[in-house]
1. Would you point out which residue out of 360, 304, 318 is at pLDDT below 95 and farther than 29 Å from residue 526 by Cα?
2. In segment 327-359, how many residues are of a type in the set (A, V, I, L, M, F, W, C), over 23 Å from the mean Cα position of the chain (by Cα) and buried (at least 21 other Cβ atoms within 10 Å of the Cβ)?
3. Inside segment 452-484, can you point out the residues that are over 15 Å from residue 397 (Cβ atoms), small (Gly, Ala, Ser) and touching an Asp or Glu at 6+ places or on another chain (Cβ under 7 Å)?
4. How many residues does segment 506-552 hold that are under 14 Å from the mean Cα position of the chain (by Cα), open to solvent by 10 Å² or more (accessible area, probe 1.4 Å) and among the small types (Gly, Ala, Ser)?
5. Among the candidates 315, 287, 274, 259, which residue alone is of a type outside the set (Phe, Trp, Tyr), open to solvent by less than 50 Å² (accessible area, probe 1.4 Å) and farther than 18 Å from residue 514 by Cα?
6. Kindly check whether there is at least one residue in segment 447-457 that is open to solvent by 10 Å² or more (accessible area, probe 1.4 Å), within 25 Å of residue 287 (Cβ to Cβ) and aliphatic (A, V, I, L, M).
7. Restricting to segment 237-256, what's the tally of residues that are in a helix (DSSP H, G or I) and open to solvent by 10 Å² or more (accessible area, probe 1.4 Å)?
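The values are calculated or read from the model by the stated rules, or taken from the named source; none is laboratory data. The shown structure was predicted, so the numbers you read here are calculated from the model rather than taken from an experiment. Don't worry about glycine lacking a Cβ; one is built from the backbone with ideal geometry, like all the others, and counts go over all protein chains shown. The accessibility values were calculated without ligands, DNA or RNA, using every heavy atom of the protein model including side chains. Shrake-Rupley method; radii C 1.70, N 1.55, O 1.52, S 1.80 Å.
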Amino acid sequence: MAEEKTQTGGSWEDLSQPDDSPEPHVEDRDELNGEPGEDESTAAEENTKDQQDKSSPDLLQMLKAAESRWTPQDQDGDGPEAPRAGTDELVTEALKTDMQIQLTDQKQEFNKRQTKTGRRSLSRSISQSSTDSYSSVCSDSSEDETSPRGKDQKTSKGLTDFCIKNIKQAEFGRKEIEIAEQEMPALMILKKRAGGEKPLAGAKVVGCTHITAQTAVLIESLVALGAQCRWSACNIFSTQNAVAAALAEAGTAVFAWRGESEDDFWWCIDKCVGARSWQPNMILDDGGDLTHWIYKKYPSIFKRIRGIVEESVTGVYRLYQLSKASRLCVPAMNVNDSVTKQKFDNLYCCKESILDGLKRTTDVMFGGKQVVVCGYGEVGKGCCAALKALGAVVYVTEVDPICALQNTMKFCFNSFHSPSFPLSMDGFRVTKLSETIRHIDMVVTCTGNKNVVGREHLDKMKNGCIVCNMGHSNTEIDLASLRTTELKWEHVRPQVDHIIWPDGKRIVLLAEGRLLNLSCSTVPSFVLSITATTQALALIELFNAPEGRYKQDVYLLPKKMGNYSGRLLCSNGSPSLISEVLGQAEVTCKLSSRSKQ
């Protein structure tokens, strides 16, 4: 935006206005240049009168001259045709001349008013209003890129137990949170109905999630339910700095800012866990990094944890690994595989937000583009549906036989027809990445696995191919193989890098392989309301469960808890209070591995 302002600002005197261009409305000019003072209004009115006095006599003289040439005797026979035509031409010429005079004078007056009131860039006036919200929440391009770890910051109440980018953004962040609250009815109803009972009184929740306006609503709801919270970010690019400032101003110990380094990332987690006067007894994690850090560095604290709530594929997989090795000494709740998370957050949230992230970063047109989506889980299904709806040709890679069967079915033809070929049931052809990578325009990973797109695939990609990730971790794309001396990294815009090969070929990498939608755009608050409510209910269940109900293992969220979350959203809240749900959850199954779901 700064570059655009430099090019366009202060250039109105040099612009040539076409003769046939419409006159700018007075309201538009006032909006662009500010309201004129009384002296300027008076001068404008006098100038308008001068224009009328100047142009009107000329127009009248031309009209009279044209009328005098059309005499009554010319009306007989064929006479009227020629004079009438001549008269029409003169009238048209007179009107055109008068219009040119008026437009010229108006343009001069417009330029004078620009000079008097101080010129403002047109791009700033029109475009900036539509991008201020996104810039302040997502890009923060106006701020310095230095780490705030060494800064002394205080809230208006004198609190210093936080580390964010800029506490002065708290007022704007509060507005973002209030907007999100309007689209998160289930969580707001839970907060209202259960707030009096304080089911989380005594709970000390340490969290590591995306710090967005929607997460802020969850955090403040947990506080209203009686919990004490300390929070860090699970993604170095997804934190909304203004929202973090609003949380800090409200009293939450938050350690996160947009654009953290890897060292900053772990430092923030450690500041949340290692506070001298505060030790957590509940964990709310997204990706497993917080759980891993406590398990490795603070084993004594880990043994005293009463429950873990995990919402991502990556984090759940890590928990299953600990459980399989008999090293998980605390009960954990698998929220990711609950119906409310899979069918709403993973499917519908990704379906809407992937297009937003791609549009904001690349301005790409999807119609006719050939796209490979790696993984046909709920996230992959949402991405495929969105891309197909805009006209993209979508291919799918999938190793899970059930998901592959859902997407494709083989028909065998007799010898008089062509050999068998895959016929997609959902409209997408299942293929191998190595078979289609040479002509693909875009690659989207959403498996949760490691090195799904390797260096051998990156070398075969055509020039301009866009590579992005919709899974939690940045390990799905083999970035380590790209950080070599032979390849050049060129930073183009926020969250967009060009990787240039020696022969000049370049690929477009988004968000350095991290989660595209939350790193490059925003996500629908309404869908996240369901997930946030499910997380809150899981915390309440684990914290209040009687001894012996949950052992040291990983459990699927009880179905009754998911149903309660759905009722809160669909019927504006069940008539029963939260106490009727607490302690009644039935453990339907214990998942020892993901294949048993």
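1. Values: 360 fails: farther than 29 Å from residue 526 by Cα; 318 fails: farther than 29 Å from residue 526 by Cα.
Answer to the selection: 304.
2. The first filter runs over segment 327-359 and keeps only residues of a type in the set (A, V, I, L, M, F, W, C), leaving 328-330, 332-333, 335, 339, 344, 347, 349-350, 354-355, 358.
Add one more test, that the residue is over 23 Å from the mean Cα position of the chain (by Cα), and what stays is 328-330, 332-333, 339.
Remaining after also requiring buried (at least 21 other Cβ atoms within 10 Å of the Cβ): 328, 330, 332-333.
Summing the residues that are of a type in the set (A, V, I, L, M, F, W, C), over 23 Å from the mean Cα position of the chain (by Cα) and buried (at least 21 other Cβ atoms within 10 Å of the Cβ) in segment 327-359 gives 4.
3. Within segment 452-484, none qualify.
4. 1
5. On the way: 315 fails: farther than 18 Å from residue 514 by Cα; 287 fails: farther than 18 Å from residue 514 by Cα; 259 fails: farther than 18 Å from residue 514 by Cα.
274 is the lone residue from the list that is of a type outside the set (Phe, Trp, Tyr), open to solvent by less than 50 Å² (accessible area, probe 1.4 Å) and farther than 18 Å from residue 514 by Cα.
6. Checked segment 447-457: at least one residue is open to solvent by 10 Å² or more (accessible area, probe 1.4 Å), within 25 Å of residue 287 (Cβ to Cβ) and aliphatic (A, V, I, L, M).
7. In the first step, residues of segment 237-256 are kept if they are in a helix (DSSP H, G or I); the result is 241-249.
If we keep only those that are open to solvent by 10 Å² or more (accessible area, probe 1.4 Å) as well, we get 249.
Total satisfying the criteria: 1.
A quick yes/no check of all residues on (1) in contact with a Gly (Cβ under 7 Å, 6 or more places away or on another chain); (2) open to solvent by 10 Å² or more (accessible area, probe 1.4 Å):
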{"site": "189", "(1), (2)": "yes, yes"}
{"site": "205", "(1), (2)": "no, no"}
{"site": "209", "(1), (2)": "no, no"}
{"site": "217", "(1), (2)": "no, no"}
{"site": "222", "(1), (2)": "no, no"}
{"site": "228", "(1), (2)": "no, yes"}
{"site": "235", "(1), (2)": "no, no"}
